[in-house]
Amino acid sequence: MANRLVEIIRKQADRLGEREAYRFCWRKDGEWLSTSWKEFNLQVEVAAKALAALGLLEKDTIAICSPNTPQILITEFGAFRNRITCIPLYSSTVQAQFNFIVSNGEPKVLFVGDKHQYPMAYNYWKSNREQIKKIVVYKNDGLQLYDDDTATIFWDDFIRLGMKASPQLAAEVEARAERGVPEDMATLIYTSGTTGESKGVAITHANYDATIEKHLRVLHSIRDADTSMAFLPMSHILEKAWCYFCVSRGISIAVNYDPRVISDTIHIVHPNLMCCVPRFWEKVYAGIREKLEEMSRLQRLMVARALRTGKARNLKYLRTGRNVPWLVEQEYRFWNKRLFSKLKHAIGIPDPNFFPTAGAPLSPRIVEFFKSMGIDIIIGYGLSETTATVTCFPETGYQIGTVGKPLPGIEVKIDPENNEILVKAATVTPGYFKNPDANAAAFTDDGFFRTGDAGYINEDGSLVLTERVKDLFKTSNGKYIAPQLMESRLAEIKYIDEVAVIGDERKYVTALVVPNLSQLRAWAESKQISTEDTEALMENPQVIEFIMSLINKSQKDLAEYEKIKRITLLPHHFSIMNGEVTNTMKVRRSIVARNYADKIEKMYS
């Protein structure tokens, strides 16, 4: 068998049998139900036959637009047994994005999660009936189909197709699985497009096989009893590749359906592993700091001592591979029992193993804070085009402020002309789908992929990110500014939720700031400032001066030309629907600049 992901569920069922493969809960207050590897394998085999029963052929594509659910994994592994490619779409995708991706990727069957995604699939089918054979809805929760909809079936109907499949059809699925080759495209994942139209990234079975193998070689601390929470969308390359790694390693996956209830879910599941984006840790950090500020002076001194001890043990000694002195270890155990364990319980991770984190910069101060208290955040770097991880923190020898070292067999070098990070490895995509111009621009003559990110490799061999090449802007004074670094720094401030730094071809740097309204209102009320009118609160000079004072404290060590000089407070978050941020919450600067042109001009008037 050529491809790992084609046979892995069957192999794990034979090896692990009744052990838990995944658990899932549809509703916030519902029951978490466990599924064994043996049952998971049966579900995949039925789904594989159902896909064949729908008339899908080898090399066809299907699209999946759904919140996280085990049916995504069942569908994908069933597709792999048919040599079918899966196109993941974010459940928050808008109709225009949906139409572009489905038109470009040419799927014949659409899988959607619930009533929120179904209308998009229906609207596309109405205009493209020759392309779309079927729409399959995962969640039948009282959803009423449109009267003229003759294409849609529910998941139970789909499963019945597989259960009723003939022996000849089952044999054909087995034959397809045997014909699979490493070059088969497993996933066609569309980039979020911060600087232009989305591109379809072809990820082959060979790419996944190489990624899984490299992670197996470096992640030695995983335990058989660990549970990984699928918190990020399964349409995100980090979560998708991580789930495939967990399946290959035999790790149980707890699938979180609604990311808005993660704070509740995490306290029920208590995951040992979970892929995160920096925003998750920024919010947790802000919550802990708020609690610490409510403590007495003596309590704060004790916490400071505990963190110093944790920093010594975990960063001075363990990080460098040295033995921890007996006294330091004993004091750490004391503080872990009295303080750190309580903080971990409060977060919902009483027995943490490690937490891969990537997607944007995370403040070194926040990384150091969690590392000191025994929460092992593993910072990494990668893209859809590299099948996720290029670099990550090794178990020892990592440097906070970097994104770690390249995985075994991954070549990383820096373009001397613009400091762009270049990558060559078996994990790198063979190219963009139906996009020769993009392919020509994406690869160097010697076969390195142009990441679009700027950085450098330090003396220790660790990669340091500086900025997206296309995000770098130059002020009218000729000074280059890296906005993401400032935005990640300001994320430490508990009164700030989001920031978009502005300044391209301007004489100084400004920012659009989305405050944490609950925190800001509490502060305003303490100053007898009315909070009833949010718009008025955002324009209150005393409020603006307060937020600006916090920003000035955060940027006091920057060069004068890098500092934010003026701000505008926004009463609402940047919108995915309006295209201001991507589905992974990266700012689309050109669209933000256009949508808030009037407010930006006022900061320069």
Quick one: how many residues across segment 192-216 are part of a helix (DSSP H, G or I), in contact (Cβ under 8 Å) with a residue 60 or more places away in the chain and either hydrophobic (A, V, I, L, M, F, W, C) or within 29 Å of GLU467 (Cα to Cα) (or both)?
8
Do we have any residue at all in segment 549-563 that's closer than 29 Å to ILE288 by Cβ, in contact (Cβ under 8 Å) with a residue 12 or more places away in the chain and among the β-branched types (Val, Ile, Thr)?
yes
Helices (runs of 4 or more DSSP H) contained entirely in segment 507-604, each with at least 1 residues that are modelled with pLDDT under 85 and closer than 20 Å to GLU487 by Cα:
589-595
Return yes or no: is THR387 buried (at least 21 other Cβ atoms within 10 Å of the Cβ) and either touching a residue at least 12 places away in the same chain (Cβ under 8 Å) or under 26 Å from MET229 (Cβ atoms) (or both)?
yes
Exactly one of ILE212, ILE203, ILE153, ILE132 is at pLDDT 95 or above, under 30 Å from the mean Cα position of the chain (by Cα) and over 22 Å from GLU7 (Cα atoms), and that residue is ILE132
Hits in segment 345-361 - residues which are aliphatic (A, V, I, L, M), within 16 Å of the chain's Cα centre (by Cα) and surrounded by fewer than 20 Cβ atoms within 10 Å (Cβ to Cβ):
ALA360
Determine, yes or no, whether LEU307 is touching a residue at least 24 places away in the same chain (Cβ under 8 Å), under 20 Å from THR396 (Cβ atoms) and of a type in the set (A, V, I, L, M, F, W, C).
no
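This table checks each residue for (1) surrounded by 17 or more Cβ atoms within 10 Å (Cβ to Cβ); (2) of a type in the set (S, T, N, Q).
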position	(1), (2)
ILE379	yes, no
LEU383	yes, no
THR391	yes, yes
ILE400	yes, no
LEU407	yes, no
PRO416	no, no
GLU420	yes, no
ASP445	no, no
PHE448	yes, no
Just checking, does segment 100-121 include any residue being at positive phi, modelled with pLDDT of 95 or more and either touching a Gly at 6+ places or on another chain (Cβ under 6 Å) or surrounded by fewer than 20 Cβ atoms within 10 Å (Cβ to Cβ) (or both)?
yes
Of all residues in segment 267-290, count the ones that are more than 17 Å from ALA360 (Cβ to Cβ), in contact (Cβ under 8 Å) with a residue 40 or more places away in the chain and part of a helix (DSSP H, G or I).
6
Of the conditions (1) without any contact (Cβ under 8 Å) to a residue 40 or more places away in the chain; (2) farther than 27 Å from SER554 by Cβ; (3) touching a helix residue (DSSP H, G or I) at 6+ places or on another chain (Cβ under 8 Å), ILE379 satisfies every one except a single condition; which number is it?
(2)
Selection status of LYS311, modelled with pLDDT of 95 or more and either loosely packed, with under 14 Cβ neighbours inside 10 Å or part of a helix (DSSP H, G or I) (or both):
yes
Show me the strands (runs of 3 or more DSSP E) found entirely inside segment 1-94 where at least 2 residues are touching a His at 6+ places or on another chain (Cβ under 6 Å).
none
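The values are calculated or read from the model by the stated rules, or taken from the named source; none is laboratory data. Note that this is a predicted model, so its numbers are computed, not measured. Heads up, the Cβs are rebuilt from the backbone with ideal geometry, glycines too, and the neighbour counts pull from every protein chain shown.
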